[in-house]
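S.K.: Dropping a structure here in structure tokens format, bear with me for questions.
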Amino acid sequence: MMSYLKVEGTKIVGSDGKEIILRGAALGGWMLMENFIVGYPSVEFQIREALAEVIGPQKSEFFFDKFLEYFFTEPDAQFFKSLSLNCIRIAISYRHFEDDANPRVLKPEGFKHLDRVIALCAKYQIYTIIDMHSAPGGQNGGWHCDAGIHIPTFWMHKDFQDRLVWLWREIARHYKDNPWIAGYNPMNEPSDPTHTRLIDFYDRVYAAIREEDPRHIIFFDGNTYSIDFSAFPEDAKDRWPNSAYSIHDYAVYGFPKAPEPYEDTAAQRDLIRKTYMRKRAWMDERGLCVWNGEWGPVYARKDFEGDNWEEINDRRMKVLRYQLELYKKDQLSWSIWLYKDIGFQGMVYVSKETPYMKLFENFLQKKWRLAVDAWGADDRHVRHLYDPLVNLIKESVSNEKHLNLYPPIWGVEGRVTRLARTMLLGEYLVKEWAEHFKGMDEEELDRLAQSFKFENCMKREGLNKELMENAE
């Protein structure tokens, strides 16, 4: 009989007590779509509304349902297993399970695609971790909350919190007897300015899950985008038994805004190592289990970054190799971000020759040039337009301490990026994205959605080779 994984001390083990190291990737951009993964501007609920206006609700729903159907199918599971990877973290949105206008009423179709993918993974002996990537009101100020604002109102309204506790109870009840689920990740990248409301929520959601499901592991993200555990309770091991703690370990040298080109120097490696160790220090000091829920660089593309794209990617692969070296030394369980996208970060990515990529070729160039997406943005073409606003803010605030708004990892530049580019400019491009679908019938929409099928994707061979070697 298949047994459930559990946490013992610092390790994840099977029923025989032997350690199982979970190594895999995130299925992001699927049940919680993201702008840079799929190619639209702004956030998912806005593009869904816009597409329904352009082609009608029925055809719009048809397209999105087909997208969900084709994004991960049996060939994806077969390929994933061929790399010796053993775990997929599935990012989901609460919106698939309840409606804001009809809260606490479970949508009958909510589990349809999630059940299918979890069953596919189980068939190929791949564990899954269910990750709540989007909470009512938004648990942080990122686009990936699908809230459309930068203030995480989840923490301000008890009703939002009550709804998510209710939903996790439903999810735990639904999956409690599935041993191929490694566990539940109740909230992706929480960002609670008080640091205390997160702990209160974790207490409540832990109790609700355990009432329905006493066996599965619960993976708790740290605060402030999964990097800060300083306000977590000292009695965490006894308070939340059978739990692991999730860091997100993105290395600065894997992104366009790196302070300098990565040359694999001792100083650069030291910075990567110290940042990683700082994130996990709280757990290490208390003998708790650490899971790296997200990490990995982004990649340059010739059509966007130009002729030196291969040199850029060689540098970023060096960053990835060093991170894997650290993780292997620590026998760390990890889930790289990302399995599939349109060419920026995925292990596989949609071919440029597909109908979807051809349709949006010019639009994607515009999005990149305007640096509309915050994730991994290269703002070289628009920085001069936003620098005056950044400087105005800095010059207008008399007390420098008042510039240190929460979350501190944003800074003034990051805040302007999110509010002025990703939210404001992105919002004005939403209908332009949707109008690309104008006049299409269901057959054409189906062909577009099929662009995301595995057989229509390219493989990022160098990345997959590194992951496979480290998975084995």
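The values are calculated or read from the model by the stated rules, or taken from the named source; none is laboratory data. Note that the coordinates shown come from a computational prediction; the quantities given were computed from them, not determined experimentally. Methodologically, a virtual Cβ is constructed for each residue, glycine included, from the backbone with ideal geometry; neighbour enumeration extends over all protein chains shown. Protein only, heavy atoms only, side chains kept; ligands, DNA and RNA dropped before computing areas. Shrake-Rupley method; radii C 1.70, N 1.55, O 1.52, S 1.80 Å.
S.K.: Please go through (1) under 23 Å from Gly183 (Cβ atoms); (2) hydrophobic (A, V, I, L, M, F, W, C); (3) open to solvent by 30 Å² or more (accessible area, probe 1.4 Å) for Trp240 and return the number of the only condition it doesn't satisfy.
M.R.: (3)
S.K.: Restricting the search to the range 98-142, which residues are closer than 30 Å to Gly414 by Cα and over 20 Å from the mean Cα position of the chain (by Cα)?
M.R.: Asp100 - this is the single residue of the range 98-142 that is closer than 30 Å to Gly414 by Cα and over 20 Å from the mean Cα position of the chain (by Cα).
S.K.: Suppose the filter is within 29 Å of the chain's Cα centre (by Cα) and open to solvent by 50 Å² or more (accessible area, probe 1.4 Å); does Glu443 pass it?
M.R.: no
S.K.: Here is a follow-up. Can you name the residue in the range 303-332 that is open to solvent by less than 10 Å² (accessible area, probe 1.4 Å) and of a type outside the set (Phe, Trp, Tyr) and, of all such residues, is nearest to Arg280 (Cα to Cα)?
M.R.: It comes out as Leu332.
S.K.: Take the range 421-431 and flag every residue that is open to solvent by less than 20 Å² (accessible area, probe 1.4 Å) and either in contact with a Gly (Cβ under 6 Å, 6 or more places away or on another chain) or not polar (S, T, N, Q) (or both).
M.R.: Residues satisfying the conditions are Arg421, Gly426, Leu429, Val430.
S.K.: Let me ask something additional. Would you check which residues across the range 355-377 are under 20 Å from Glu443 (Cβ atoms), open to solvent by 10 Å² or more (accessible area, probe 1.4 Å) and either of a type outside the set (Lys, Arg) or in contact with a strand residue (DSSP E or B) (Cβ under 6 Å, 6 or more places away or on another chain) (or both) and list them?
M.R.: If the condition is that a residue be under 20 Å from Glu443 (Cβ atoms), open to solvent by 10 Å² or more (accessible area, probe 1.4 Å) and either of a type outside the set (Lys, Arg) or in contact with a strand residue (DSSP E or B) (Cβ under 6 Å, 6 or more places away or on another chain) (or both), then Pro355, Met357, Leu359 are the ones that fit.
S.K.: Can you tell me how many residues within the range 262-285 are open to solvent by 20 Å² or more (accessible area, probe 1.4 Å) and in a loop (DSSP other than H, G, I, E, B)?
M.R.: 3
S.K.: Out of the residues in the range 130-177 meeting the condition of being open to solvent by 40 Å² or more (accessible area, probe 1.4 Å), not charged (D, E, K, R) and not in a helix (DSSP H, G or I), tell me which one is farthest from Val416 (Cα to Cα).
M.R.: For the range 130-177, the residue satisfying everything is His157.
S.K.: Let me ask something else. Any idea which of Leu338, Leu288 is more than 30 Å from Gly39 (Cα to Cα), open to solvent by less than 20 Å² (accessible area, probe 1.4 Å), among the aliphatic types (A, V, I, L, M) and in a loop (DSSP other than H, G, I, E, B)?
M.R.: Exactly one residue qualifies, and that residue is Leu288.
S.K.: Looking only at the range 13-25, which residues are touching a strand residue (DSSP E or B) at 6+ places or on another chain (Cβ under 6 Å) and closer than 15 Å to Ile181 by Cβ?
M.R.: Ile20, Leu22, Gly24
S.K.: OK, next. State yes or no: is Gly39 within 26 Å of Gly137 (Cα to Cα) and either touching a helix residue (DSSP H, G or I) at 6+ places or on another chain (Cβ under 9 Å) or modelled with pLDDT of 95 or more (or both)?
M.R.: yes
S.K.: For residues in the range 205-231 being more than 20 Å from the chain's Cα centre (by Cα) and open to solvent by less than 10 Å² (accessible area, probe 1.4 Å), which is nearest to Thr128 (Cα to Cα)?
M.R.: As a first pass, look at the range 205-231 and keep what is more than 20 Å from the chain's Cα centre (by Cα): 205-216, 230-231.
Then keep just the ones that are open to solvent by less than 10 Å² (accessible area, probe 1.4 Å); that gives 205, 208-209, 213, 216.
Values: Val205: 19, Ala208: 20, Ile209: 17, Asp213: 16, His216: 11 Å.
Here the residue is His216.
S.K.: How many residues are among the hydroxyl-bearing types (Ser, Thr, Tyr), more than 28 Å from Phe97 (Cα to Cα) and within 26 Å of the chain's Cα centre (by Cα) if we restrict to the range 1-58?
M.R.: Summing the residues that are among the hydroxyl-bearing types (Ser, Thr, Tyr), more than 28 Å from Phe97 (Cα to Cα) and within 26 Å of the chain's Cα centre (by Cα) in the range 1-58 gives 1.
S.K.: Hand me the list of strands (runs of 3 or more DSSP E) wholly inside the range 6-125 holding 3 or more residues that are open to solvent by 40 Å² or more (accessible area, probe 1.4 Å), of a type in the set (A, V, I, L, M) and touching a residue at least 12 places away in the same chain (Cβ under 8 Å).
M.R.: Of the strands (runs of 3 or more DSSP E) lying wholly inside the range 6-125, none has at least 3 residues that are open to solvent by 40 Å² or more (accessible area, probe 1.4 Å), of a type in the set (A, V, I, L, M) and touching a residue at least 12 places away in the same chain (Cβ under 8 Å).
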